[in-house]
Amino acid sequence: MADRYLSFTGTAPGRFLTRRLGLPQPAALERGSLTGGLLHLAAGKTDLDLAPVLARTGLARDEDGRPAAVVLDATGVRDVDSLAEVHAALHPVVRSVAASGRVVVLGAPLDPADHHQAAAQQALEGFTRSLGKEIGRGRTVNLVRLTTASAASAASAAESTLRFLLSPASAYVSGQVIEVAATAESAAPDDWDLPLAGRTALVTGAARGIGAAVAETLAGQGAQVVVLDVPQAEQEARKAAERLGGTALALDITAADAGERIAAALPGGLDVLIHNAGVTRDRRLVNMPADRWSSVLDVNLASVLRTTDALLAAGAVNRGGRIVATASIAGLAGNAGQTNYGASKAGIVGLVRSLAPRALAEHGVTVNAVAPGFIETKMTAAVPLLIREAGRRMNSLAQGGLPVDVAETTAWLAHPASGAVNGQVVRVCGQSLLGA
Ligand code: NAD
């Protein structure tokens, strides 16, 4: 469903009227390419050598133009005094950041032995989220916390994440704190434009909606995709697979042997496993029969646990593999009428946090989640008008996201060079005010 309000505020009379009435001012997001250079600033004393990585983002160094992106290295911020350097660095430039531009702040882990450093580093989160809420014009602000011990390895471990956050692919990702750790499991691809070449990716629930966009994006980055969906959707799944040069797998993911059947269908193993299939069966708890509860828990959570366990146990997820599950802001903030759905999506967060370190240690596989906010799909088009309008506007970008925004975020987590990103739950929600 088209967002007519967004189109209206893009016209001169629309802008005039909505400003006069104090209504939200969404800016059309740039999903093609960012125009402008990159400004690299620092606060506090830093050892991080980011220049080679930033040079590879494709954004030219920009000292006095209208930057498309600003990277502030705040890893050296150790106390309240050095926090003033954050203000000093960004205060003069924030106004000049281009529309749909990016601000990325780099932070360090909180030092348990130094509460002054911990206070100053935690302060960066409140700073980032507040700037994200006020910056406007489609601009995003995110914090990347580098938990790597050595400055040399931190810059390369963060490369795929910086490339993502400094590109149009992250148009609907704002106000996030993303941890990047040290790992041996990151591999720079031969070709950054086709990072998934030679990799097999299975996407559940990929016949339509967000899953279809994920399959398309992964295929566009070189992956051989397997489009999995329920037998009733086999025809759409086949069509999507044909279009993408992949294969379709008609399978209800809640089948007790779904993991074994996936493993049998992919003798060469899997490199990327995307748990996207999901359902809603909304009712308030007082009116919710047990079958509505269990069907949602089964598709959204139990089947994710079951198939992940089966595929890992069978060694069917190759080393260097990536698992991305789909949570939701309803799982973080809660939502009336969705006790079943909210429980299932919060369960995904628990799964990811617990499994991620073990899956990496034992199988060389990362496990992360995307948590979409209001995404323009058939699911949200069916929401009553007023609730839909509230869902669209109640985020810093004052609009809904597109399936491609979730797909691009998933592709970054699935990237061979994203091995340092593990156990993260990344919201694709335009910095929703819900559960913030
Ligand atoms: P959708 O209903 O358009 O698509 C879901 C797909 O999953 C369908 O093709 C369906 O056939 C498939 N599916 C359902 N049960 C299955 C099963 N048992 N086995 C195999 N496939 C099954 O939904 P969507 O809006 O594209 O959402 C995709 C995911 O994103 C879901 O997990 C959803 O909860 C989550 N999400 C969506 C939004 C949003 O705004 N649309 C917000 C937050 C989270």
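Restricting attention to the range 76-110, report how many residues are of a type outside the set (A, V, I, L, M) and free of Cβ contacts under 8 Å to residues at least 24 places away in the same chain.
5
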Quick one: which of V214, V203, V173 is part of a loop (DSSP other than H, G, I, E, B), among the β-branched types (V, I, T) and within 16 Å of the ligand (Cβ to nearest atom)? V173
Candidate set from the range 243-257 (those that are assigned to a loop (DSSP other than H, G, I, E, B) and within 15 Å of the ligand (Cβ to nearest atom)); member that is farthest from V279 (Cα to Cα): D257
Given the condition away from the ligand (no atom under 11 Å from the Cβ), assigned to a strand (DSSP E or B) and either within 26 Å of V141 (Cα to Cα) or in contact with a Cys (Cβ under 6 Å, 6 or more places away or on another chain) (or both), answer yes or no: does some residue in the range 180-193 qualify? yes
What are the residues in the range 20-46 that are exposed (fewer than 13 other Cβ atoms within 10 Å of the Cβ) and either more than 24 Å from S174 (Cα to Cα) or touching a helix residue (DSSP H, G or I) at 6+ places or on another chain (Cβ under 9 Å) (or both), if any? R20, L21, G32, S33, K45
Filtering the range 111-137 for residues that are touching a residue at least 12 places away in the same chain (Cβ under 8 Å) and hydroxyl-bearing (S, T, Y) leaves a count of 1
Which one is farthest from the ligand (Cβ to nearest atom), of the residues in the range 379-425 that are buried (at least 20 other Cβ atoms within 10 Å of the Cβ) and of a type in the set (K, R)? R393
Would you please name the residue that is modelled with the lowest pLDDT, looking only at residues in the range 50-79 that are touching a helix residue (DSSP H, G or I) at 6+ places or on another chain (Cβ under 6 Å) and surrounded by fewer than 17 Cβ atoms within 10 Å (Cβ to Cβ)? R66
Subset of the range 217-242 [within 10 Å of the ligand (Cβ to nearest atom), in a helix (DSSP H, G or I) and within 20 Å of V370 (Cβ to Cβ)]: A240
Does D252 count as under 25 Å from the mean Cα position of the chain (by Cα) and under 26 Å from E216 (Cα atoms)? no
Yes/no for E376 being among the charged types (D, E, K, R) and more than 9 Å from the ligand (Cβ to nearest atom): no
Here is a check on your reading of the model: is D229 surrounded by fewer than 22 Cβ atoms within 10 Å (Cβ to Cβ), charged (D, E, K, R) and more than 16 Å from the chain's Cα centre (by Cα)? no
Looking at (1) polar (S, T, N, Q); (2) surrounded by fewer than 19 Cβ atoms within 10 Å (Cβ to Cβ); (3) in contact with a Gly (Cβ under 7 Å, 6 or more places away or on another chain), which one does S354 not meet, given that it meets all the others? (3)
Name the one entry in A325, A316 that is more than 22 Å from the chain's Cα centre (by Cα) and at negative phi. A316
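The values are calculated or read from the model by the stated rules, or taken from the named source; none is laboratory data. Here the structure is a predicted model, which is why all the values come from computation and not from measurement. So basically every Cβ, Gly included, is an ideal-geometry build from the backbone, and we count neighbours across all protein chains shown.
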